[in-house]
Amino acid sequence: MLRCGRNWRPASVKRVIETFETSTRVAQVATDAGNGFLKGIGNPAGPMSLVAELVAGELAAWIGLIIPDFSIIHVTGIDIPFGNGAHVQHGPAFISREIDGFGGNGGPDFIRKISNPSDIAKLVVFDTWIRNADRCHPDPENYPPNYDNLFFTPNGQKYELVALDHSQGFIESGIEAALSDPYVLEDDQVYGFFPEFAALIDYTSVTAAVARLRQIDTAQVQEIVDSIPPQWGISSGTRVVLRNVICERANRVANYISAKLLSNPGLEV
């Protein structure tokens with residue numbers, strides 16, 4: 001069953017609270033069902049950013065990560081500025097529910113206190129699967145870790161690690177040509193491995209994450225890809241390529257990531 005709209009389904013945007021100068025010009029908005037963060041058609045990062053958010057959200061939920069509720073909301077009757085003189089085009093937009101918590105700039109303090117430490121390995125496996133360079137790039141010396149894309153929500157005296165913001169998953173730009181690049185499949189780097197994660201990567205959590213990854217099948221991914229709104233301009237041919245990339249990368253990552261994480265975390269072996 002798809003996760004999108006299952007637990008939270010806002011019907012309309014009531015007002016814009018703030019627009020942020022991110023690659024997608026995400027907007028914090030008030031809806032009829034509470035506040036959320038909206039990414040819409042026409043954003044500077046292109047339609048693949050919306051596709052990546054929707055598909056990655058479904059895959060993150062499937063692999064077992066904690067994620068904010070998300071949905072598709074139809075933008076109409078309101079202007080949502082990008083902050084660059086343009087506005088979100090009317091039509092279906094991606095929206096994630098606003099949740100209480102803190103960004104990851106607390107670094108080690110938050111990470112040491114998480115109540116779901118097995119999700120650390122799961123998050124690294126997931127980020128590697130979708131090639132999410134926007135959390136922690138495989139080359140951290142040239143691309144510093146983005147701690148803003150680590151999020152922690154209070155859980156008693158501890159915190160739960162929450163996975164959010166996947167607009168740069170799979171590819172960083174373009175669609176058809178980029179997805180067809182052999183390197184998308186051949187890439188065997190490790191993504192999402194923050195330095196603070198090393199102490200929490202263990203055999204049990206890595207093995208469980210890889211075992212789950214091996215359970216993916218074409219029918220599940222096809223259902224996810226079919227849920228992409230047609231207004232986002234993703235052709236039927238591109239949907240097939242995306243489905244195949246997701247499934248093939250799941251198999252490839254499952255075959256190599258255990259050795260990299262358990263022998264020499266985050267580095268070539």
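The values are calculated or read from the model by the stated rules, or taken from the named source; none is laboratory data. Everything numeric in this text was worked out from a predicted model, so none of it was measured. Cβ atoms come from the backbone with ideal geometry, glycine included; neighbour counts cover every protein chain shown.
Annotations for the structure displayed:
- The set of residues in the range 25-43 being closer than 16 Å to Gly91 by Cα and part of a loop (DSSP other than H, G, I, E, B) consists of Val26, Gly40, Ile41, Gly42, Asn43.
- Close pairs from the range 214-233: first on the phi > 0 side of the Ramachandran plot, partner in a helix (DSSP H, G or I) and not aliphatic (A, V, I, L, M), Cβ under 8 Å, at least 6 apart: Gly233/Pro47
- Of all the listed residues (Val240, Val184), the sole one being of a type in the set (A, V, I, L, M), surrounded by fewer than 17 Cβ atoms within 10 Å (Cβ to Cβ) and free of Cβ contacts under 8 Å to residues at least 24 places away in the same chain is Val240.
- Per-region count, the range 120-173, residues small (Gly, Ala, Ser) and farther than 23 Å from Asp188 by Cα: 1
- Note on the range 39-53: residues that are under 20 Å from Asp100 (Cα atoms) and more than 14 Å from the chain's Cα centre (by Cα) amount to 0.
- Of everything listed in (1) farther than 27 Å from Ile99 by Cα; (2) modelled with pLDDT under 90; (3) not hydroxyl-bearing (Ser, Thr, Tyr), the single unmet condition for Asn255 is (2).
- Condition met for Gln157 (touching a helix residue (DSSP H, G or I) at 6+ places or on another chain (Cβ under 9 Å) and not β-branched (Val, Ile, Thr)): no
- Leu50 vs. criteria within 27 Å of Gly192 (Cα to Cα), modelled with pLDDT of 95 or more and buried (at least 23 other Cβ atoms within 10 Å of the Cβ): no
For every residue, the table says whether it meets (1) surrounded by 21 or more Cβ atoms within 10 Å (Cβ to Cβ); (2) at pLDDT below 95.
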| site | (1), (2) |
| --- | --- |
| Pro10 | yes, no |
| Arg15 | no, no |
| Glu18 | no, no |
| Ala27 | yes, no |
| Thr31 | yes, no |
| Asn35 | no, no |
| Gly46 | no, yes |
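- Breaking point among (1) under 20 Å from Gln231 (Cβ atoms); (2) out of contact with any Lys or Arg (no Cβ under 8 Å at 6 or more places or on another chain), for Ser71: (2)
- Wholly within the range 114-211, helices (runs of 4 or more DSSP H) carrying at least 2 residues that are within 17 Å of Ile257 (Cα to Cα): 118-130, 183-186
- Scanning the range 258-269 for residues that are modelled with pLDDT under 90 and assigned to a helix (DSSP H, G or I) turns up just one, Ser263.
- Of all residues making up the range 243-252, the number that are within 20 Å of Glu53 (Cα to Cα) and either more than 20 Å from the chain's Cα centre (by Cα) or in contact (Cβ under 8 Å) with a residue 40 or more places away in the chain (or both): 5
- Within the range 11-32, residues that are in contact (Cβ under 8 Å) with a residue 40 or more places away in the chain have Cβ atoms under 7 Å from residues that are of a type in the set (Phe, Trp, Tyr) and outside any loop (DSSP other than H, G, I, E, B) in these pairs: Gln28/Phe37, counting only partners at least 6 apart in sequence or on another chain.
- The residues of the range 116-130 that are crowded, with 24+ Cβ neighbours inside 10 Å and either more than 19 Å from Glu53 (Cα to Cα) or not acidic (Asp, Glu) (or both), listed by number, are Ile120, Ala121, Lys122, Leu123, Val124, Val125, Phe126, Thr128, Trp129, Ile130.
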